[in-house]
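Since the structure comes first, as structure tokens, the remarks are kept for the end.
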Amino acid sequence: MEAWNAAYVRTEDYLRAHRIHNRLHQSRLIQAVLERAARRHAENPALDPTTLAAEEMERMMDEWFAEVLNVKNVPHDRIAIEGRVALLLCDGPQKWPYAFLDKRSPADEFNQAMRSSSIKAGPDMAVSSMVPREIDLGLITEAAGETLERIERWPVLRVALLWALFLGALLGIFYVTR
């Protein structure tokens with residue numbers, strides 16, 4: 001019984017993650033999911049009820065998204081992504097709180113909103129050719145690069161410049177705080 005309670009809680013959390021907050025609708029959906037999971041569990045009692053509930057939830061959502069979006073013979077990953085994105089973009093759980101996973105025909109307005117929110121892939125990939133070019137960083141970066149190269153060649157000058165910079169910073173701090 002404890003495993004089935006865990007399956008119930010996980011299914012409820014999953015529905016809340018999809019913004020299904022209506023308790024009555026949640027209860028109906030959880031019952032449907034757990035009934036399907038129980039049928040599978042009766043066939044193979046070694047399987048975990050929580051895993052079965054999650055798999056049944058995914059299966060129900062795939063079937064429902066395929067029907068609502070009017071897409072058939074599309075891989076699971078594609079249906080799952082398109083359906084979830086369309087559901088969130090059309091704000092389905094907010095506007096039609098009882099439509100999610102409803103076996104009855106949802107409102108035409110909901111179906112239209114889901115289909116118009118569905119993301120379609122863009123043009124096919126095409127091979128292109130890019131030729132590498134030199135990067136032009138401008139005059140300031142060239143001058144800075146040359147200056148750094150000169151300082152690298154004369155280590156005594158580099159140390160003197162660093163000390164001058166350090167003493168200038170100290171003097172600046174001393175005069176500012178006075």
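Taking the criterion of being modelled with pLDDT of 85 or more, β-branched (Val, Ile, Thr) and exposed (fewer than 10 other Cβ atoms within 10 Å of the Cβ), the only residue of the stretch 157-178 that qualifies is VAL176.
ARG19 meets the conditions (1) modelled with pLDDT of 85 or more; (2) more than 22 Å from ASN111 (Cβ to Cβ) in every case but one. The failed one is (2). Only one of the numbered conditions (1) within 30 Å of VAL85 (Cα to Cα); (2) at pLDDT 75 or above; (3) charged (D, E, K, R) is violated by GLU146, and that is (1).
Answer yes or no as to whether TRP4 is of a type in the set (Phe, Trp, Tyr) and under 27 Å from ASN111 (Cβ atoms). Spell out the reasoning first.
On the way: of a type in the set (Phe, Trp, Tyr): yes; under 27 Å from ASN111 (Cβ atoms): no.
Criteria not met by TRP4.
Yes or no, residue by residue, for (1) surrounded by 13 or more Cβ atoms within 10 Å (Cβ to Cβ); (2) at pLDDT 85 or above:
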residue: TYR8; (1), (2): yes, yes
residue: ARG36; (1), (2): yes, yes
residue: ARG84; (1), (2): yes, no
residue: LEU89; (1), (2): yes, no
residue: LYS95; (1), (2): no, no
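Within the stretch 115-141, restricting attention to residues that are surrounded by 10 or more Cβ atoms within 10 Å (Cβ to Cβ) and not hydrophobic (A, V, I, L, M, F, W, C), which residue is modelled with the lowest pLDDT? My answer is SER118.
The values are calculated or read from the model by the stated rules, or taken from the named source; none is laboratory data. Keep in mind it's a predicted model, so treat the numbers as computed, not measured. Please note: Cβ atoms are built from the backbone with ideal geometry, for glycine as well, and neighbour counts cover all protein chains shown.
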